[in-house]
Amino acid sequence: MIGVAVNGYGTIGKRVADAVTAQPDMELLGVAKTSPNHEAETAVAKGYPLYAAVAERRDLFDEAGIEVAGPVEELVAEADVVVDATPSGIGAENKSLYEAHDTPALYQGGEDADLVDASFNARSNFAEAEGADHVRVVSCNTTGLSRLLAPLQEAYGVEKARVTLVRRGGDPGQTGRGPINDILPNPVTLPSHHGPDVNTIFPDLAIDTLGMKVPATLMHTHSVNVHLSEVPSEADVKRLLADEDRLFLVPPEYDIDGAGKLKEFAMDRGRPRADIWENCVWERSISVEDDDLYLFQAIHQESDVVPENVDAIRAVLGEADREASMARTDEAIGLGF
Ligand code: NAD
């Protein structure tokens, strides 16, 4: 069994902890937190050993009556791999902790690419993480774009991708980010950070990205235009994308017109936290005009990186190849509608 530690038990960390627990070849050794909030209570209720991420804050857990298993150093020392899911920039501060215990570490998309040996997307570059000590699972948007561009690149060749990312203003729990009543070009200059981030996975891919922020919390939406080297029919593209397990082609007959109905659909299907691990590509939007492919996809920012973290664990330890790992991850969490 692969012993896994999760440092940072918030939006991403709690989902990764649950996904790790579901894997037949992994054991969650514990989670580390800074605050004795509702998520700490839930970790204890689920039976996850809870460690204090910051020694000076351990008393807060005692005062709240929440049992602490020990300091995070103990958890990191015991683990075969640690998933750092702390807020952007804290992962970089934690790197020396992981190095001191010689424990390979996975970081999230909020960290800089130059912190790590490899940036990771399971579908696109699984093997590049093999044996690496520090790996970054790319952000929700970069994950969504990489999953889509990988099969297009392989099947037809990508001359240039142009993507406008219409981004949710915050996660549902991020009350400090809004509500705003506005539509922001964000950033107003080109490119947004997403294109260069996609290049950490596909170094040679030509891609321009523009970002916007809107007053929504449910999902991001991408308006995608890909100029292809070989021109397929729309039916070809639909078949190609339908074959990808982590892409969900939203069937026209489902009458799903946006993120609200997608989330309702996920709840109806009993998904934990209404999570949607797959890219949601509107089948009806797939259009080929001359040499250009167009489509819309929605990305659930809080969950699409979760199966990627699970695969990255196996990748750094050399425990499985891409196909075996992705299939095991997906079956264990119930990915696929
Ligand atoms: P979050 O704020 O929801 O959770 C972070 C958790 O880490 C919190 O529980 C916080 O208390 C804890 N923490 C703070 N300092 C810590 C420390 N020193 N040691 C241990 N724990 C500490 O953040 P999040 O949204 O889960 O984001 C985590 C990372 O994942 C970031 O890099 C972010 O960019 C990335 N990410 C977030 C999303 C998203 O939609 N939320 C999507 C993809 C990637």
Problem set entry | Charge dipole (debye, nearest 20) of the chain; +1 at Cβ of Lys and Arg, -1 at Cβ of Asp and Glu | 1000
Exercise. Which listed residue (A100, H227, L210) has the Cα farthest towards the positive end of the charge dipole for the chain, taking +1 on Lys and Arg C-beta and -1 on Asp and Glu C-beta about the Cα centre?
Worked result: L210
Exercise. Roughly what % antiparallel, to the nearest 5, for the DSSP beta bridges in region 141-299?
Worked result: 65
Problem set entry | Alpha-carbon centroid distance for the pair region 101-116 / region 195-229, whole angstrom | 22
Problem set entry | Between 0 and 90°, nearest 10: helix 11-22 axis offset from the chain longest Cα axis | 80
Problem set entry | Charge context of S88, other residues only, Cβ under 12 angstrom, K/R +1, D/E -1 | -3
For this session: Rounded to whole Å and sorted largest first, list the principal axis extents of the Cα atoms in region 276-326.
Result: 44, 25, 13
Problem set entry | Estimated 222 nm signal from helices in the chain, with DSSP H stretches of n ≥ 4 weighted -39500 (n - 2.57), rounded to 500 | -9500 deg cm²/dmol
Exercise. What's the angle, to the nearest 10 degrees (0 to 90), between helix 90-100's Cα axis and the longest principal axis of the chain?
Worked result: 60
Exercise. Cα-Cα pairs above 16 Å in region 225-288: how many percent?
Worked result: 51
Exercise. Most fluctuating residue of D171, D292, D59 in a GNM of the chain with Cα springs under 10 Å: which is it?
Worked result: D59
Problem set entry | Debye intensity ratio I(q)/I(0), log10, the chain, q values 0.07, 0.09, 0.11 Å⁻¹ (C-alpha model) | -0.28, -0.47, -0.70
Seminar exercise, completed: Out of S139, P187, V4 - ranked by how far each Cα lies towards the positive end of the dipole of the chain, with unit charges on the beta-carbon of charged residues - the top one is P187
For this session: Kindly work out what percent of the DSSP beta bridges joining two residues of the chain are antiparallel, to the nearest 5.
Result: 40
Seminar exercise, completed: In degrees, nearest 10, the alpha-carbon axis of helix 306-317 is tilted away from the dominant principal axis of the alpha carbons of the chain by 70
Seminar exercise, completed: By the Cα gyration tensor axes a ≥ b ≥ c (a/c under 1.5 gives rounded; else a/b larger than b/c gives prolate, otherwise oblate), the shape of region 141-299 is oblate
Problem set entry | Charged-residue dipole, Cβ positions (Lys, Arg, Asp, Glu), region 141-299 about Cα centre, Debye nearest 20 | 840
For this session: Filter the cross-link list K160/K263; K46/K95; K213/K238; K14/K95; K33/K213 down to pairs whose alpha-carbon distance in this structure exceeds 26 Å.
Result: K160/K263; K46/K95; K213/K238; K33/K213
Exercise. For region 27-76, what class follows from the C-alpha gyration tensor (a ≥ b ≥ c being the square roots of its eigenvalues): rounded when a/c is under 1.5, otherwise prolate if a/b is larger than b/c, else oblate?
Worked result: oblate
Seminar exercise, completed: Magnitude of the Cβ-charge dipole (Lys and Arg +1, Asp and Glu -1) of region 1-51 about the Cα centre, nearest 20 debye, reported as 120
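We did not get these values from a lab; they are worked out from the coordinates using the rules stated. The structure presented is a predicted model; accordingly, all values stated were derived computationally and were not measured. With ideal geometry, Cβ positions are generated from the backbone for all residues, glycine too; neighbour counts draw on all protein chains shown.
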